[in-house]
């Protein structure tokens, strides 16, 4: 690219790699600690057995969860990043977000990951490809991880009195459980292996990103397919998200973030030069598959408190 009057454009794909590495290492640490907790819970057979893991054993066992979560999230973000590289759209390497709180509730060890796209995406075709590349890459990893983790899970009787957290069951989790473990008899439930818990987190993250709202992956896909009409979809989905908070309080944080996004960025997606040009049939089929992915990964109540026992 030419230079004018001593000015040269900022080089693309320049990152402070040390920062990305530090965040990744910190997130490996937090997710491994949380993974050790999930493994101890799994090994305790719904709390019916005392499990005491030494620090080294806990960390090694925690890798079942940590490796699964970070591989799904990492592939998701690398899907976006590599698509940006393909189209020469300036973007950052993935930022991983470590998260650990000293409260005995369900913990994930991470708030996810993201990349920064540093320049406008000019065409709908490019926007669509960059938007869908992440969910596709993460989904390709999450599906086998769910089935492998479910194969290592087991069906156990639920103790008469048990307090804890119920994880909502996306359709893909239900399918894997049905095919590999069958239907639990009354009084029994599936004791999820930490790898399945990590895959569950990956499915939930995929479904949240596929919400057709604003700057989310689903918002990019929706705009690429519908153009300016996607603004109406955004409003409808915000309304659906608000209804979901009534169905399950676990939606409050994510819905709040989406509402803030709506006020900050507005309901209209940034325009591309070819807004009125329809996508080709191949990308329309991929958009339909994105809807299928959303349905398979979605659950209306991701996390619910469980209290009590069998009647």
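Shape call for the stretch 189-298 from the C-alpha gyration tensor, a ≥ b ≥ c root eigenvalues: rounded (a/c under 1.5), prolate (a/b greater than b/c) or oblate? Mind dumping the intermediate values first?
On the way: a/c = 2.66, a/b = 1.43, b/c = 1.86.
Oblate is the answer for the stretch 189-298, as a/c is 1.5 or above yet b/c matches or exceeds a/b.
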Please give the residues of the stretch 177-198, grouped as numeric ranges, whose backbone N is less than 18 Å from a label point set 7 Å along the Cα-to-Cβ vector of residue 60. 194-195
State the extension gain, in nm to one decimal, for the chain segment bounded by residue 175 and residue 18, taking 0.36 nm per residue of separation less the distance between their alpha-carbons. 52.4 nm
What 222 nm value per residue comes from the helices of the chain, counting each DSSP H run with n ≥ 4 as -39,500 (n - 2.57) and dividing by all residues, nearest 500 deg cm²/dmol? -19000 deg cm²/dmol
State the label only: which of [x] 30, 55, 14, 1, 0; [y] 25, 39, 23, 13, 1; [z] 33, 60, 7 corresponds to P(r) over Cα pairs in 20 Å bins from 0, in percent computed from the shown model? [x]
Nearest 10 degrees is fine. How inclined is helix 217-226 to the longest principal axis of the chain, computing both from alpha carbons? 50 degrees
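Arrange 51, 89 by Cβ neighbour counts within 10 Å, fewest through most, would you? List each step's numbers first, then the result.
Values: 51 14, 89 21.
The fewest-first ordering by Cβ neighbours comes to 51, 89.
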For the residues 297, 240, what sequence is obtained by ranking on other C-beta atoms within 10 Å, fewest first? 240, 297
Springs between alpha-carbon atoms under 10 Å, Gaussian network over the chain: tell me which of 126, 146, 252 tops the mean-square fluctuations. 252
Going fewest to most other Cβ atoms within 10 Å around each Cβ, 165, 101 line up as 101, 165
On Cα atoms only, tilt of 281-297 relative to the major axis of the chain in degrees: 30 degrees
Just subtract the alpha-carbon distance of residue 236 and residue 252 from 0.36 nm times their residue separation and send over the number in nm, one decimal. 4.1 nm
Rounded if a/c is under 1.5, else prolate if a/b is larger than b/c, else oblate: which is the stretch 32-71, with a ≥ b ≥ c the root eigenvalues of its Cα gyration tensor? oblate
For residue 165 paired with residue 264, estimate the spin-label separation in nm (one decimal), with each label point 7 Å from Cα along the Cα-to-Cβ line. 2.4 nm
As I understand it, the value is the acute angle between the Cα axis of helix 55-87 and the longest principal axis of the Cα atoms of the chain; what does it come to in degrees, rounded to 10? 20 degrees
Take the Cβ-Cβ distance between residue 118 and residue 275 as r, set R0 to 30 Å, and report the resulting FRET efficiency rounded to the nearest 0.05. 0.85
With contacts defined as alpha carbon pairs under 8 Å and 6 or more residues apart, what's the relative contact order of the stretch 17-306 in percent? 21 percent
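Coordinate-derived values only; no laboratory data. Predicted model, so just to flag it, every value in this text is computed and none were measured. Note: ideal-geometry Cβ built from the backbone for every residue, glycine included; neighbour counts use all protein chains shown.
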